[in-house]
Amino acid sequence: GIMTAALPLGAVFGAAASGRLTQKFGRRRILYAAAIAFFVGSLLAAGAVSVWMLVAARLLLGVAVGVASMAAPLYIAETAPQKLRGRFVSAFQLAITVGILVSYMVGLAFSQDDNWRLMFAAGAIPAVILFLGLVPLPESPRWFALRGRWDDARTSLAKVTGDHANVDAAIAEMRAAIESETGSGTIRDLFRPMMRPALIVAMGLFFLQQLSGINAVIYYAPQIFREVGFVDQAGQLLATIGIGVVNVAMTVVGMWLIERIGRRRLLLIGFGGTTVSLTALAVTIAPGGGDEWISLAGLAVFIAAFAVSLGPLPYVLMSEIFPLDVRGAGMSLASITNWGFNFLVVLTFPTLAAAIGVIGVFGIFAFMCFLGFVFGHLYVPETRGISLEQIERHIRSGAPLMQMRPA
């Protein structure tokens, strides 16, 4: 539990530092630093000579994960076209699901020879791809605007959008939004009455996302499959890869739906689907409730409902609902919530499963998904078709988030 949970624990520290770092140094430079940490951490894990050295390497990897999980959605949201912003930020979650699937396949490839060192070393490859992929990209135009570097902001915006005709209008909207800011851009500003609803939504969604149990399923999938009846290791890993395929496929479906039916409706569909599937799964795992294939189908439905909705939407919404001056701080707190509860779920799952059984744990997860449905219905606004500057004006007006509408 400690070794597995070392990564999300490191991510808590990375997320805590990322808000201030991205505000001071820019989104792109911090992503460069994360790529270097990914590379070094992977090689340290591969060369570990003790369990605690491996734990330390995973802590470093976790710091990189925490930084990237905040800085990447932030950069994407600030550079994406308004009509495609939700789909572009969802691509971040798609990359996560593809990475999970690839990691399962790498694990299967090296499990036969028990060559775990090469398995960890393989993590250096995407680190190099991330570093090289950043080279042609400009810094976020909104970060330049926040620093008062308007010429750089104009050049960056023209490069990422290719829409030279409307650059001046977009820059004028950014300037107006920044001139209306009255806070200092610190975490303290997030607790002001007008900002508090956005903070509750962002942190609440990540809290409920993690308490849905997704990472217990992702991290401990082979053990779960052993519990439901897959006896041999190869069968457990192949079933796990099947879950990874569903995860990727349904994330693509979510990217297609997010700009068609909107964030809020898709969120409610996801929480409803995970509630029903986890409840059914707890019943089928119970003695006499069904066989391993029925349980596998229940897990697949849970993963599908999560991937199409609960996976990408918290990242999308946290990157949209904070004003520019507190966007880094707000997303940092949301990411801390994400990785903090990820750490707790992953650390406690083996102990809880031993104490109350997998059935009881899935029952708890199902109840949290039901609470997520209620939370989404009461507090989560629709942001589809609304520019970041329009969202900022609405929040600063003090009007309820649920009244937000396209201009």
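The values are calculated or read from the model by the stated rules, or taken from the named source; none is laboratory data. Quick caveat: nothing in here was measured; it's all calculated off a predicted structure. Glycine also receives a Cβ, built like all others from the backbone with ideal geometry; neighbour counts cover every protein chain displayed. What goes into the accessible areas is simple: the full protein's heavy atoms, side chains included, and nothing from ligands, DNA or RNA. Shrake-Rupley method; radii C 1.70, N 1.55, O 1.52, S 1.80 Å.
Side notes on the structure shown:
- Computed packing ranks the peptides 248-254, 148-154 as 248-254, 148-154, most packed first, by mean other Cβ atoms within 10 Å.
- Approximate spin-label separation Tyr32-Met53, in nm, with each point projected 7 Å along Cα-to-Cβ: 3.1
- At R0 = 45 Å, FRET efficiency that the Cβ-Cβ distance of Thr351 and Met194 yields, to 0.05: 0.60
- Helical mean residue ellipticity (222 nm; -39500 (n - 2.57) per DSSP H run of 4+; nearest 500) of the chain: -26000 deg cm²/dmol
- Distance between the C-alpha centres of segment 268-283 and segment 99-145: 32 Å, rounded to the whole angstrom.
- For segment 18-70, the solvent-accessible area of protein heavy atoms averages 42 Å² per residue (probe radius 1.4 Å; ligands and nucleic acids excluded).
- The label point for Lys24 and the one for Thr155, both projected 7 Å from the Cα toward the Cβ, are 2.5 nm apart.
- Per residue, the accessible area of segment 285-407 comes to 35 Å² when a 1.4 Å probe rolls over the protein heavy atoms.
- Relative contact order (%) - segment 347-407, alpha-carbon pairs under 8 angstrom, separation at least six: 28
- With a Förster radius of 22 Å applied to the beta-carbon distance between Leu137 and Asp163, the computed FRET efficiency rounds to 0.80.
- Element breakdown for the chain at a 1.4 angstrom probe: carbon and sulfur atoms account for 69% of the accessible area.
- Taking every alpha-carbon pair under 8 Å whose residues sit at least 6 apart, the chain reaches a relative contact order of 25 percent.
- Annotation for Asn115 and Tyr379: the two label points, set 7 Å from Cα along the Cα-Cβ direction, are 4.9 nm apart.
- Take every Cα pair under 8 Å whose residues are at least 6 apart in sequence, average their separation, divide by the length of segment 120-210, and the relative contact order is 17 percent.
- Three-way shape label, segment 273-357, alpha-carbon gyration tensor, a/c 1.5: oblate
- Taking amide H atoms as placed 1.01 Å from N in the peptide plane, the amide H of Ser140 lies under 5 Å from those of Arg27, Arg28, each 5 or more residues away in sequence or on another chain.
- Percent breakdown of C-alpha pair distances by 10 Å bin, ordered from the shortest bin, for the chain: 5, 22, 33, 25, 12, 4, 0
- Helix axis angle, 51-79 relative to the chain longest principal axis, alpha carbon, degrees: 40
- Solvent-accessible surface ranking, highest first, for Ile218, Ile125, Ile187 at 1.4 angstrom: Ile125, Ile187, Ile218
- Relative to the longest principal axis of the Cα atoms of the chain, helix 263-285 runs at roughly 10 degrees.
- For the chain, the longest principal axis of the C-alpha atoms and the axis of helix 2-25 are separated by about 10°.
- Extension gain, Trp293-Ile261: 0.36 nm per intervening residue step, less the Cα-Cα distance, totals 8.3 nm.
- Residue-wise HN-Hα coupling along segment 86-91, computed from phi with Karplus coefficients 6.51, -1.76, 1.60 (Hz; x: Gly, Pro): x, 5, 5, 5, 4, 4
- Cα centroid separation, segment 21-70 to segment 357-405 (Å): 30
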